[in-house]
């Protein structure tokens, strides 16, 4: 297991380097096809009617006038060894890992991302718990009561959940619970350690919007998995041993049916940790998703790079955890 | 000033607009203020004048625009907001109508004293004033504020008037970070309360230049460059308590504030909070529900809320629809045949359908039909209508055809038109004009370009326009200050034409206009300025260099939690410096 | 077992007559007897033996029709004795055993008849009671041990689980018991292998583990459903030996379900041949092997390769295919495939043959007379030798 982890880590680092390279390429090369030059990119950050020298100054400050591979190498070096940055009277040292400085504000990227992480974490993990518990239990119940009214109703609702876009669900919830009935405050993020109750109250609507979609998916997945698993021979054996039906369903049936769910859950959560873009936008939560939108709108390469790498990192970790977990759950994989 | 409309996530806005419009109507309307003063009340008078002290005002804004650093911002909303913590030498009076277009001294004791040829401007600042950290404010701090605006690598966002107008070593000065220890010789401080500006040409409008937030004093020992915007040292009624980039900006009263410093702003509320909320529709919802008090952008509510407000009498009575000072229009490139002939240009003026153009730019609440080259909040504005927009808002085809024969194209002609393809309003306007010109035989071919490169690569490149036969281009403009120079020099003066990033897209080089601008530069009396401005406007319309579309308006919602609310005409939005809570 | 009137005489030990070389007879004690064959109007007699099944019917309503998987099966079984149930796939043998275990109680199957286990009617019993008995008093070994054991839990865990459900002991004690059982079923290094997973065992070892699991609560009735079908031939013999040894040691009754006559020849005291959910032939293994009366049995026997006979050119197979259990052929269910149906004057097509004794304790459901059966069998047997 130890060598497995080490090998995966090395491969992951390599993957992240490649991700950074691709991001660089997309950022610079694609607009070039549409005729954009680094000069016109730099004009985005200056005011109206800039002098040519002002634009060139910005270009130089942001490093845009250097060849691509130099910029890329500089970026990698910053992550590993930190970099010195001058955006004012003093030179500041940005310790590793240094994700560079925002093109727009010329302030370091990492502190912004760091403050966004708890928001996305709260949103993603809270929603994940809700959707996992509700989706799986509904799926199990549906599978056990297959064909019943409950099953049909649950699967119809699940179909709706999968089909409705998050911003639609979110806006309906806002309109009803916040503006029409005044049951909940307009959501703002309250850090957990500041006030756990307010943290939860403000996140309820975003959690529900996000979880509804996934719960529906997981209910359907679990139902299918359970139906398949409950037809397996070892279920029959478990019953033949005289086990109570509850034990048969949970210990024997659910455990086997959950394996694909676990792998998918790992992937879903990994992806969400990189930013639940639509949910954060709808509710105005300043997480990594919102950070991504702003970075892209501002064509702010260091921020785009930073958040892309962070998201890739989460996905890589999630993948690794899922692989390890899978080996733990299913002993056949270990040998 | 530049007004940026949040196009951003238009898709979400569009769909949600439908949803919310359907859910809207008379449901959940909040109770209006103590007395809902009525629609447009804040344009002509102060609604609920009050001096109540205390309370919190919460602003929302969709993105951390530009910069909160007074030295590096170009947005009207920011110029309005920075008055809370940055006091420039001069400022605009906090009153309505033409009163609000006039300058009053802020940090300065009086308007600047120019030399005989308007090349040297002397200002005296009020003595005994202090920064929020207790340091005294001196002329050196004003000079330093101007010096740091030359550091374009760190403060790229602000206007460049100082670079363009100052003499001495301004042409080569790189700012206090790169040129450490070097002095900017164009600005001198003979004593601690006097600052003198040496210009490289006569400039009568210099008072307007120093009204830009860039002259608000900055203590050199507390300047941190790019991060200064998060903890600026305040010279205004409020100071920054905390700021998180792209998230929040919290102001509390400045204990060292002296009300004599700037009569245009007050210290009433005990806390001012700005929160960034990217969901523009949600901002409108919170505003109407009373969760926040102001949308800092000041460009009006989104279409969903607009539909709700104008159809609900209670809500409408709590809203104002002021002219913002911005204008939408279509340039006519005088270098592109056959628009080289003024009569062909006049034909287009007559044929344009003003009603469909108004619809394209958002309808009557988003703009009133324009007939002049200058918007109404420019000093010297006078209404006139050379091309029968009043009598023929749908276009005067007869007069157009007459002009076509005069320019030798009785059956019309073909011409290209540029527009910004990622802006729905531009796109609609281009299509509207195309449809309006077709019946008289003018065939318009549309060319869409992304707004990021519109001025740098396409419409703003005169050679590109002439090579590709593109004679029309959509555009919009807001003045940096309310006279014809601040409005129109960069648009219409022959000297403003540059090979790339050109804003005189009409490529107008009319000696009459050029001379009038020179006269305006030299004029010192307000009445002379007003008269010359009017003359420039008239000549521009005779030259038919632009097809005016609308004077932009914005439907603003007056929160019931606020009193002492008024529309400041130079910003075209509610005046922030004088807001009071209920 | 179902028998005729009167006590059965003790069987003689030893191999007698024409029989298989491997056929072993056993010492049999006198059995509890049944009264006359079932029928309407007969008074219900007391249940006899460990397992007493009377007219068991298990029908499944499906969208295509009513599947009569088991349609009138009756037999008895005592402790220490082995019943072999033989038949093709679809004959109803597995369904019978699952029905005995009560595994159809929650499905939409319609079960009728009586199953007395140790004198208790478990068809009428509550689900909780049947669950109590399952695994403890009656246990089952399944055909494919790889799919029948849960892949995620260790073998020891699964064996201990069965033990823990029916006995109040500590987990440690259960685990020790599991290791013990593994050792007993002949798995080497049982103490360490108890923590291995099913996929780490070979096929034969897995089946042994399965057997250990079934035996964990010392059941009085052990049902083995095709326990050797998925195994190599060499391993088959070992498993059968094991079952036989364990039966002697624990004294349990064993039902051995198989389609392979060679398997039951080894172990069974009595044989029940099932066809289309019904009983075709029932008797002691000597009766069934040496004097089979049902043409289906003849077919089964004839299709077996034999060492003690000269080689034939072809194995005789039974023509045709197993019947649909929804539309069972009218009359004798076997008649479409029977070479001798023509000798019954059309009765095969119309009349369901009753299960009647052709000799004490030997029942056959066929319209052919006993004499005819003997004669035809003698011919067939002679041809084959």
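The values are calculated or read from the model by the stated rules, or taken from the named source; none is laboratory data. What you see is a predicted model, and the numbers here were worked out from it, not measured in a lab. All Cβ positions, glycine included, derive from the backbone under ideal geometry; neighbour counts span all protein chains shown.
Quick one: which residue in C:231, C:240, C:182 is touching a helix residue (DSSP H, G or I) at 6+ places or on another chain (Cβ under 6 Å), assigned to a loop (DSSP other than H, G, I, E, B) and buried (at least 19 other Cβ atoms within 10 Å of the Cβ)? Full working, then the answer.
Numbers: C:240 fails: assigned to a loop (DSSP other than H, G, I, E, B); C:182 fails: assigned to a loop (DSSP other than H, G, I, E, B).
On inspection, the qualifying residue turns out to be C:231.
Restricting the stretch C:330-340 to residues that are in contact with a helix residue (DSSP H, G or I) (Cβ under 6 Å, 6 or more places away or on another chain) and buried (at least 21 other Cβ atoms within 10 Å of the Cβ), which is farthest from residue C:277 (Cα to Cα)? Walk me through it before giving the result.
Restricting attention to the stretch C:330-340, the residues satisfying the condition of being in contact with a helix residue (DSSP H, G or I) (Cβ under 6 Å, 6 or more places away or on another chain) are C:331-332, C:334-335, C:338, C:340.
This time we only want the ones that are buried (at least 21 other Cβ atoms within 10 Å of the Cβ), so: C:332, C:334-335, C:338.
Working: C:332: 12, C:334: 11, C:335: 15, C:338: 17 Å.
Checked the stretch C:330-340; the qualifying residue farthest from residue C:277 (Cα to Cα) is C:338.
Name every residue in the stretch A:303-335 that is within 13 Å of chain B (Cβ to nearest Cβ) and either more than 28 Å from residue A:169 (Cα to Cα) or surrounded by fewer than 18 Cβ atoms within 10 Å (Cβ to Cβ) (or both), in order of residue number. Steps first, answer last, please.
Applying the first criterion (within 13 Å of chain B (Cβ to nearest Cβ)) to the stretch A:303-335 yields A:303, A:307.
Answer for the stretch A:303-335, where residues must be within 13 Å of chain B (Cβ to nearest Cβ) and either more than 28 Å from residue A:169 (Cα to Cα) or surrounded by fewer than 18 Cβ atoms within 10 Å (Cβ to Cβ) (or both): just A:303.
Looking only at residues in the stretch C:134-174 that are assigned to a helix (DSSP H, G or I), at the interface with chain A (Cβ under 7 Å from one of its Cβ atoms) and within 24 Å of the chain's Cα centre (by Cα), which one is nearest to residue C:93 (Cα to Cα)?
C:148
Based on what the data block shows, is residue A:140 more than 14 Å from chain B (Cβ to nearest Cβ), in a helix (DSSP H, G or I), modelled with pLDDT under 95 and surrounded by fewer than 17 Cβ atoms within 10 Å (Cβ to Cβ)? It would help to see each step written out before you state the result.
Details: more than 14 Å from chain B (Cβ to nearest Cβ): yes; in a helix (DSSP H, G or I): yes; modelled with pLDDT under 95: yes; surrounded by fewer than 17 Cβ atoms within 10 Å (Cβ to Cβ): no.
No, not satisfied.
For the stretch B:268-280, what are the residues that are out of contact with any helix residue (DSSP H, G or I) (no Cβ under 7 Å at 6 or more places or on another chain) and crowded, with 17+ Cβ neighbours inside 10 Å? Spell out how you get there, then give the answer.
Initial filter on the stretch B:268-280 (out of contact with any helix residue (DSSP H, G or I) (no Cβ under 7 Å at 6 or more places or on another chain)): B:268-271, B:273-276.
Residues satisfying the conditions are B:268, B:269, B:273, B:274, B:275, B:276.
Can residue C:177 be described as surrounded by 18 or more Cβ atoms within 10 Å (Cβ to Cβ), over 28 Å from the mean Cα position of the chain (by Cα), modelled with pLDDT of 90 or more and under 23 Å from residue C:253 (Cα atoms)?
Working: surrounded by 18 or more Cβ atoms within 10 Å (Cβ to Cβ): yes; over 28 Å from the mean Cα position of the chain (by Cα): yes; modelled with pLDDT of 90 or more: yes; under 23 Å from residue C:253 (Cα atoms): yes.
Taking the combined requirement at face value, the residue satisfies it.
Would a scan of the stretch A:271-281 turn up a residue that is in contact (Cβ under 8 Å) with a residue 60 or more places away in the chain, buried (at least 22 other Cβ atoms within 10 Å of the Cβ), more than 14 Å from chain B (Cβ to nearest Cβ) and in a helix (DSSP H, G or I)?
Yes, some residue in the stretch A:271-281 is in contact (Cβ under 8 Å) with a residue 60 or more places away in the chain, buried (at least 22 other Cβ atoms within 10 Å of the Cβ), more than 14 Å from chain B (Cβ to nearest Cβ) and in a helix (DSSP H, G or I).
Looking only at the stretch C:108-133, which residues are in a helix (DSSP H, G or I) and over 20 Å from the mean Cα position of the chain (by Cα)? Don't jump to the end; show me each part of the working.
Restricting attention to the stretch C:108-133, the residues satisfying the condition of being in a helix (DSSP H, G or I) are C:127-133.
Across the stretch C:108-133, the qualifying residues are C:127, C:128, C:129, C:130, C:131, C:132.
Of all residues in the stretch A:173-199, how many are free of Cβ contacts under 8 Å to residues at least 60 places away in the same chain and part of a helix (DSSP H, G or I)?
Total meeting the criteria: 10.
Restricting the stretch B:487-529 to residues that are away from chain A (no Cβ under 14 Å) and in a loop (DSSP other than H, G, I, E, B), which is nearest to residue B:114 (Cα to Cα)?
Checked the stretch B:487-529; the qualifying residue nearest to residue B:114 (Cα to Cα) is B:524.
Please identify the pairs in which a residue from the stretch B:154-166 that is more than 7 Å from every other protein chain (Cβ to nearest Cβ) has its Cβ atom under 6 Å from the Cβ atom of a residue that is part of a helix (DSSP H, G or I), counting only partners at least 6 apart or on another chain.
Every condition considered, the pairs that remain are B:161/B:209; B:162/B:146.
Let's see how each residue does on (1) more than 21 Å from residue B:561 (Cα to Cα); (2) away from chain A (no Cβ under 14 Å); (3) at pLDDT 90 or above:
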{"position": "B:42", "(1), (2), (3)": "no, yes, yes"}
{"position": "B:46", "(1), (2), (3)": "no, yes, yes"}
{"position": "B:68", "(1), (2), (3)": "yes, no, yes"}
{"position": "B:84", "(1), (2), (3)": "no, yes, yes"}
{"position": "B:94", "(1), (2), (3)": "no, yes, yes"}
{"position": "B:108", "(1), (2), (3)": "yes, yes, yes"}
{"position": "B:115", "(1), (2), (3)": "yes, yes, yes"}
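From the list A:199, A:181, A:131, exactly one residue is more than 14 Å from chain B (Cβ to nearest Cβ) and over 27 Å from residue A:245 (Cβ atoms). Which is it?
Values: A:181 fails: more than 14 Å from chain B (Cβ to nearest Cβ); A:131 fails: over 27 Å from residue A:245 (Cβ atoms).
Selected residue: A:199, the only one of A:199, A:181, A:131 that is more than 14 Å from chain B (Cβ to nearest Cβ) and over 27 Å from residue A:245 (Cβ atoms).
Would you say residue B:73 is crowded, with 20+ Cβ neighbours inside 10 Å, within 12 Å of chain A (Cβ to nearest Cβ) and either assigned to a loop (DSSP other than H, G, I, E, B) or modelled with pLDDT of 90 or more (or both)?
Against the criterion (crowded, with 20+ Cβ neighbours inside 10 Å, within 12 Å of chain A (Cβ to nearest Cβ) and either assigned to a loop (DSSP other than H, G, I, E, B) or modelled with pLDDT of 90 or more (or both)), residue B:73 qualifies.
Would you tally the residues in the stretch C:130-161 being buried (at least 22 other Cβ atoms within 10 Å of the Cβ), touching a strand residue (DSSP E or B) at 6+ places or on another chain (Cβ under 9 Å) and within 23 Å of residue C:200 (Cβ to Cβ)?
3
Can you spot a residue in the stretch A:1-14 that is surrounded by 18 or more Cβ atoms within 10 Å (Cβ to Cβ), in contact with a helix residue (DSSP H, G or I) (Cβ under 7 Å, 6 or more places away or on another chain) and part of a helix (DSSP H, G or I)? Before the answer, list the steps.
So in the stretch A:1-14, the residues surrounded by 18 or more Cβ atoms within 10 Å (Cβ to Cβ) come out as none.
Among the residues of the stretch A:1-14, not one is surrounded by 18 or more Cβ atoms within 10 Å (Cβ to Cβ), in contact with a helix residue (DSSP H, G or I) (Cβ under 7 Å, 6 or more places away or on another chain) and part of a helix (DSSP H, G or I), which makes the answer no.
For residue A:248, are the conditions met, namely being within 14 Å of chain C (Cβ to nearest Cβ) and closer than 30 Å to residue A:113 by Cα?
On the way: within 14 Å of chain C (Cβ to nearest Cβ): yes; closer than 30 Å to residue A:113 by Cα: no.
In short, no.
Please go through the stretch B:234-245 and pick out each residue that is more than 14 Å from every other protein chain (Cβ to nearest Cβ) and either in contact with a strand residue (DSSP E or B) (Cβ under 8 Å, 6 or more places away or on another chain) or assigned to a helix (DSSP H, G or I) (or both). First the steps, then the outcome.
Of the residues in the stretch B:234-245, the ones more than 14 Å from every other protein chain (Cβ to nearest Cβ) are B:234-241.
B:234, B:237, B:238, B:239, B:240, B:241 - these are the residues of the stretch B:234-245 that are more than 14 Å from every other protein chain (Cβ to nearest Cβ) and either in contact with a strand residue (DSSP E or B) (Cβ under 8 Å, 6 or more places away or on another chain) or assigned to a helix (DSSP H, G or I) (or both).
Look at residue C:211 and say whether it is closer than 22 Å to residue C:265 by Cα, crowded, with 19+ Cβ neighbours inside 10 Å, at the interface with chain A (Cβ under 10 Å from one of its Cβ atoms) and touching a strand residue (DSSP E or B) at 6+ places or on another chain (Cβ under 6 Å).
Working: closer than 22 Å to residue C:265 by Cα: yes; crowded, with 19+ Cβ neighbours inside 10 Å: yes; at the interface with chain A (Cβ under 10 Å from one of its Cβ atoms): no; touching a strand residue (DSSP E or B) at 6+ places or on another chain (Cβ under 6 Å): yes.
It is false that residue C:211 is closer than 22 Å to residue C:265 by Cα, crowded, with 19+ Cβ neighbours inside 10 Å, at the interface with chain A (Cβ under 10 Å from one of its Cβ atoms) and touching a strand residue (DSSP E or B) at 6+ places or on another chain (Cβ under 6 Å).
Condition first: part of a loop (DSSP other than H, G, I, E, B), at pLDDT 85 or above and within 13 Å of chain A (Cβ to nearest Cβ). Can you find one or more residues in the stretch B:463-478 that meet it? Write out each step before concluding.
Step one: of the stretch B:463-478, the residues part of a loop (DSSP other than H, G, I, E, B) are B:468-469, B:478.
Filter once more, keeping what is at pLDDT 85 or above: B:468-469, B:478.
Filter again for within 13 Å of chain A (Cβ to nearest Cβ), leaving B:478.
Within the stretch B:463-478, one or more residues are part of a loop (DSSP other than H, G, I, E, B), at pLDDT 85 or above and within 13 Å of chain A (Cβ to nearest Cβ).
Could you check residue C:261 against (1) more than 14 Å from chain A (Cβ to nearest Cβ); (2) farther than 29 Å from residue C:373 by Cβ and say which number it fails?
Evaluating residue C:261 over (1) more than 14 Å from chain A (Cβ to nearest Cβ); (2) farther than 29 Å from residue C:373 by Cβ leaves (2) as the failure.
Of (1) closer than 29 Å to residue B:494 by Cβ; (2) free of Cβ contacts under 8 Å to residues at least 60 places away in the same chain; (3) surrounded by fewer than 21 Cβ atoms within 10 Å (Cβ to Cβ); (4) touching a helix residue (DSSP H, G or I) at 6+ places or on another chain (Cβ under 6 Å), residue B:410 satisfies all except one. Which?
(1)
Please work out which residue is nearest to the chain's Cα centre (by Cα), limiting yourself to the stretch A:66-96 and to residues that are under 25 Å from residue B:147 (Cβ atoms) and assigned to a loop (DSSP other than H, G, I, E, B).
Narrowing the stretch A:66-96 to residues under 25 Å from residue B:147 (Cβ atoms): A:84-92.
Next cut, assigned to a loop (DSSP other than H, G, I, E, B) only: A:87-90.
Working: A:87: 32, A:88: 35, A:89: 38, A:90: 36 Å.
Looking at residues that are under 25 Å from residue B:147 (Cβ atoms) and assigned to a loop (DSSP other than H, G, I, E, B), I get A:87.
Can you find even one residue in the stretch A:106-118 that is over 30 Å from residue B:504 (Cβ atoms), surrounded by fewer than 22 Cβ atoms within 10 Å (Cβ to Cβ) and at the interface with chain B (Cβ under 8 Å from one of its Cβ atoms)?
Checked against the condition, which is being over 30 Å from residue B:504 (Cβ atoms), surrounded by fewer than 22 Cβ atoms within 10 Å (Cβ to Cβ) and at the interface with chain B (Cβ under 8 Å from one of its Cβ atoms), the stretch A:106-118 yields at least one hit.
Considering only the stretch A:31-58, state which residues are farther than 20 Å from residue B:504 by Cβ and assigned to a loop (DSSP other than H, G, I, E, B).
A:34, A:35, A:36, A:37, A:44, A:45
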